[in-house]
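What follows is a single structure, written as structure tokens, with notes after it.
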Amino acid sequence: MKAVILSDLHLGSRYFFYEQFEGLIKNIPETYELILNGDILDHPHQRIDFPHLQVLNLIQQQSRRRKVVWITGNHDNGYIPEKFGNVHFKSVYALEKRLLIVHGHDFDEIMPRNQAFMRVFTMLHKLRVRLGAKPVHVAKYAKRWKIFYKILRENVMKNAIECARRNGYQAVVCGHTHFPEDIVYHGIRYINTGAWTELPLYFLLVTDHEMTLKRIGECADDRSGRLCLVGSERRLATYSR
Ligand SMILES: [Mn+2]
């Protein structure tokens, strides 16, 4: 069973690295499933214009050549068009008992319980950008609050692992936190594929024998600036706490 899994494209957001996404998708062999693990859109009812519209068309085209699964996240929850190529819309998916695939917002006990705070935080960030601060996605800005961010991603990670353990899965992959990582905790592997709204960009490559979190980087020896794959940056680590 072979698959490419990625999450949190946030299509429709100005921060989505659509060219890199197109480059990757067009180079995946047809024997691989393409699994889009949530927050593919920034908003389920937003109008999508060119060039992101081209990406939506590409996803539909791809679904006629290979199996394409779209797992809903918190941002694209509610976006289920009547006909969208042969894309399979799901809330959870799995590759046998090897890997549980879920966006991760259902494991998050922090953000949904603090929606008022999150709204004010996002509003203040937008205001900062309008006043001249570096334009970055709000999740990237939130990473400056290290302790807050750590609590958030550990909460998702621990709940994801507990869910995988209870249901007999060896590993679980999520998005949602926008923080790429590859960890073993209490004997279960947890992988997060990060987000396509900030560099570097990641995806999970699943082959018959292994699962590797891959980073997309620029080729050092290629003057054209073409993107190429480099090894996994976030190496597999055993979580000690
Ligand atoms: Mn997201």
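Taken together, the values in this text are just the output of simple stated rules run on the coordinates, not laboratory data. Since this is a predicted model, take the numbers as computed values, not measurements. Neighbour counts run over all protein chains shown; Cβ positions are idealised from the backbone, glycine included.
For a 22 Å ceiling on Cα separation, which of these pairs sit above it: Lys26/Lys126; Lys2/Lys67; Lys2/Lys83; Lys67/Lys90; Lys126/Lys146?
Lys26/Lys126; Lys2/Lys83
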*Determine, from the Cβ-Cβ distance of Gln60 and Lys150 and an R0 of 41 Å, the FRET efficiency 1/(1 + (r/R0)^6), rounded to the nearest 0.05.*
0.60
*asked:* Suppose each label sits 7 Å from its Cα in the direction of the beta carbon; what would the Leu127-Asp49 distance come out to in nanometres?
replied: 2.7
*Would you please state which residues of segment 121-139 a label at Gln115 would reach in this model, taking the label point 7 Å out along Cα→Cβ and a backbone N cut-off of under 16 Å?*
121-123
_Beta bridges by DSSP in the chain, antiparallel share as percent, to the nearest 5_ = 50
*Three principal axis extents, largest first, for the C-alpha atoms of the chain, in Å?*
48, 46, 44
*Would you please report the Å³ per residue occupied by the convex hull of the alpha carbon atoms in segment 79-202?*
145
*Take every Cα pair under 8 Å in segment 141-223 that's 6+ residues apart, average their separations, divide by the length, and report that relative contact order as a whole percent.*
18
*Pairs of Cα atoms under 8 Å, at least six residues apart: use those to get the relative contact order of the chain, whole percent.*
21
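Using only alpha carbon positions, build the gyration tensor of segment 68-108, then give the equivalent ellipsoid semi-axes as the square roots of 5 times its eigenvalues, largest first, whole angstrom.
On the way: eigenvalues 73, 47, 5 Å².
Three semi-axes, in Å: 19, 15, 5.
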*Estimated [θ] at 222 nm from DSSP helical runs (n ≥ 4, -39500 (n - 2.57)) normalised by residues in the chain, nearest 500*: -8000 deg cm²/dmol
